[in-house]
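Inspection log for the structure reproduced underneath, given as structure tokens.
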Amino acid sequence: MSALRYESRSSSLRKAINGYCRQCIYDSADAGTWRQQVTLCTSTECSLYPVRPLSQDADILLDVPRGPHQTVKQVLREVRCESRVCVS
Ligand code: SF4
């Protein structure tokens, strides 16, 4: 398989996974971008979980201790508070 063909297949696989995760979890009424919501997916038993697309701030988001029922909005608020951007 040529390098160009491999890259094309790899790219379409990435797009397919990104699209699947996005349609699976993204809620435009909830806080955060679709990538942040996918990053904070808690379905560790899902076969796509290890290869799900991550947001640029994934290392920060995934570092926040999180309960099973904590919403994306609560995680983002906690991250902002840790960054001392919290107003409360
Ligand atoms: S990893 Fe999460 S967002 Fe992606 S398909 Fe699985 S359950 Fe859905």
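Summary table
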item	result
Selected residue (only one of VAL64, VAL75, VAL79 is away from the ligand (no atom under 11 Å from the Cβ), of a type in the set (A, V, I, L, M), out of contact with any Pro (no Cβ under 8 Å at 6 or more places or on another chain) and assigned to a loop (DSSP other than H, G, I, E, B))	VAL64
Long-range neighbours under 8 Å by Cβ, at least six apart or interchain, first residue farther than 18 Å from HIS69 by Cβ within region 24-42, second surrounded by fewer than 14 Cβ atoms within 10 Å (Cβ to Cβ)	ARG35/GLN56
Considering residues of region 9-32 that are small (Gly, Ala, Ser) and outside any helix (DSSP H, G or I) only, the residue nearest to the chain's Cα centre (by Cα)	GLY32
Enumeration of residues in region 20-53 that are more than 9 Å from the ligand (Cβ to nearest atom), among the small types (Gly, Ala, Ser) and exposed (fewer than 14 other Cβ atoms within 10 Å of the Cβ)	SER28, ALA29
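Each reported figure results from applying straightforward, stated rules to the coordinates on display, with no laboratory input. Not measured: the values here are computed from a predicted model. Note that each Cβ is placed from the backbone with ideal geometry, even for glycine, and that neighbours are counted across all protein chains shown.
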